[in-house]
Amino acid sequence: MRLLLFVVATTLVLSGCGDPTLSALLPQGPVAESQYWLMKLSVSIMLGVFFVVLVIFTYVLIRYRKRPGQDGIPKQVEGNHKLEILWTVIPFLLLIVMAVPTVSINFALAKQYPKEEALQVKVIGHQFWWEFQYPDLGITTAQDLYIPTGKKIQFDLTSADVIHSFWIPSLGGKMDTNPGLNNSFWLQADKAGVYKGKCAELCGASHALMEFKVVAVTPDEFGKWTNDYKAATAAAPATDLAKQGQEIFQKSCIGCHAVGSQGGNLGPNLTDVGARERIAGILENKPDQMAKWLRDPQAVKPGNKMPNLNLEPGQVDALVEYLEGLKVKQ
Ligand code: CUA
């Protein structure tokens, strides 16, 4: 009884978890839809088998139960040819019903689209953040993946360190990113919106914090974002404090972080960091949170590659002002 209560309570609580930006059960694009359709197909066949077996089982239990006055072992029956054939053929047919669409959808989803038909995006997994390169646009960014709606996105995926897995549940997936290997698959978002992405492979201490966002915008807005992104790299700091921040950045940070095409690539490219959904994928993008990150990155995301630079409070303020000002105007 207690187990039953637990199951009912859990079901009720979890049924509230549906989030169209994070659920494979609320598909937001053609890939996620076909995968969801396959899930529904196999679950309904399995449920059908379960109920048929349950009904036969119950019928046999009642119909052939031991009755009063009945003694000894009942008549032993084995090797009924008709039944044997029946319960071999039915599962075989059910497997074919599942296999044909599964195989054909698998091939359709593994198709590689050239740049005439799909936007090409290179994804590189890092402990514990995501790098996105648009080779045909000359853009490198991180954490926020901008894509146009209604267009196929062809991903080429690899890793800079260990195995990660690139997963956007509401758009479909997932796909491993392996060091030294390239995987590929495509996805598409039909509606504009922000979709949540996760790393789905245990990759170290902060695996659970390795989040990213997919920002799907209309093709027009995407074109504008592309142009603005390139223009933003040249923007000068707006205030004196930001200018101080830029100087600190160019001394202490630029070895690992780039703004535009200037700088290292060990850490995320920060060209539009002030406009990103989150800082480090998890903190709200607000000045106090940015300061929290800069004061001690390891406290926020244990095991990440950014050291504590032991910045003075004044330096943190200047850097926050500079970094929050790095935006791509929309
Ligand atoms: Cu990267 Cu888990």
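The values are calculated or read from the model by the stated rules, or taken from the named source; none is laboratory data. Model, not experiment: these values are computed from the prediction. With ideal geometry, Cβ positions are generated from the backbone for all residues, glycine too; neighbour counts draw on all protein chains shown.
Which numbered condition trips up residue 184, out of (1) within 16 Å of the ligand (Cβ to nearest atom); (2) small (Gly, Ala, Ser); (3) touching a strand residue (DSSP E or B) at 6+ places or on another chain (Cβ under 8 Å)?
Against the list (1) within 16 Å of the ligand (Cβ to nearest atom); (2) small (Gly, Ala, Ser); (3) touching a strand residue (DSSP E or B) at 6+ places or on another chain (Cβ under 8 Å), residue 184 comes up short only on (1).
Only residues that are more than 18 Å from residue 113 (Cα to Cα) and aromatic (Phe, Trp, Tyr): list them for segment 133-161, please.
The answer is 146, and nothing else.
What number of residues in segment 97-116 are touching a strand residue (DSSP E or B) at 6+ places or on another chain (Cβ under 9 Å) and either surrounded by 10 or more Cβ atoms within 10 Å (Cβ to Cβ) or β-branched (Val, Ile, Thr) (or both)?
Counting residues in segment 97-116 that are touching a strand residue (DSSP E or B) at 6+ places or on another chain (Cβ under 9 Å) and either surrounded by 10 or more Cβ atoms within 10 Å (Cβ to Cβ) or β-branched (Val, Ile, Thr) (or both) gives 6.
Given the conditions (1) out of contact with any helix residue (DSSP H, G or I) (no Cβ under 6 Å at 6 or more places or on another chain); (2) buried (at least 16 other Cβ atoms within 10 Å of the Cβ); (3) of a type outside the set (Val, Ile, Thr); (4) modelled with pLDDT of 95 or more, report the number of the one that residue 188 does not fulfil.
Result: residue 188 fails condition (1) only.
Given the structure, is residue 158 in a strand (DSSP E or B), touching a residue at least 24 places away in the same chain (Cβ under 8 Å) and more than 18 Å from the chain's Cα centre (by Cα)?
No.
Quick one: which of 61, 94, 41, 83 is more than 30 Å from residue 105 (Cα to Cα) and surrounded by 10 or more Cβ atoms within 10 Å (Cβ to Cβ)?
After applying the criteria, what remains is 83.
Would you tally the residues in segment 220-241 being surrounded by fewer than 12 Cβ atoms within 10 Å (Cβ to Cβ), modelled with pLDDT of 85 or more and under 20 Å from residue 318 (Cβ atoms)?
1
Is it the case that residue 213 is of a type in the set (Lys, Arg), in contact with a strand residue (DSSP E or B) (Cβ under 8 Å, 6 or more places away or on another chain) and either assigned by TED's automatic domain parsing to the domain that holds residue 261 or crowded, with 17+ Cβ neighbours inside 10 Å (or both)?
yes
Out of the residues in segment 121-153 that are away from the ligand (no atom under 16 Å from the Cβ) and at positive phi, state the one that is modelled with the lowest pLDDT.
138
Conditions: (1) within 13 Å of the ligand (Cβ to nearest atom); (2) among the acidic types (Asp, Glu); (3) modelled with pLDDT of 95 or more. Residue 156 meets all but one. Number of the miss?
(1)
For residue 7, are the conditions met, namely being in the same structural domain as residue 196 (by TED's automatic domain parsing) and surrounded by 10 or more Cβ atoms within 10 Å (Cβ to Cβ)?
no
Look through 197, 193 and report the one residue that is surrounded by 17 or more Cβ atoms within 10 Å (Cβ to Cβ), in the same structural domain as residue 112 (by TED's automatic domain parsing) and within 16 Å of residue 19 (Cα to Cα).
197
What's the number of the only condition in (1) out of contact with any Gly (no Cβ under 8 Å at 6 or more places or on another chain); (2) in a loop (DSSP other than H, G, I, E, B); (3) within 16 Å of the ligand (Cβ to nearest atom) that residue 111 fails to meet?
Looking at each condition in turn, residue 111 falls short on (3).
Need pairs with beta-carbon distance below 7 Å; first residue over 17 Å from residue 140 (Cβ atoms) and within segment 246-265, second hydrophobic (A, V, I, L, M, F, W, C); sequence gap 6+ or separate chains.
Taking only residues 6 or more apart or on different chains, the pairs are 248/318; 248/319; 249/319; 252/309.
Any idea which residue in segment 161-178 is surrounded by the most Cβ atoms within 10 Å (Cβ to Cβ), counting only those that are within 15 Å of the ligand (Cβ to nearest atom) and outside any strand (DSSP E or B)?
Checking each candidate, the answer is 169.
Enumerate the helices (runs of 4 or more DSSP H) found wholly within segment 261-330, keeping only those where 2 or more residues are among the charged types (D, E, K, R).
It comes to 287-295, 313-324.
Taking into account only those residues within segment 193-217 that are within 16 Å of the ligand (Cβ to nearest atom) and in a strand (DSSP E or B), which is nearest to residue 160 (Cα to Cα)?
Here the residue is 199.
Given the options 228, 190, 220, name the one that is assigned to a loop (DSSP other than H, G, I, E, B) and over 16 Å from residue 129 (Cα atoms).
190
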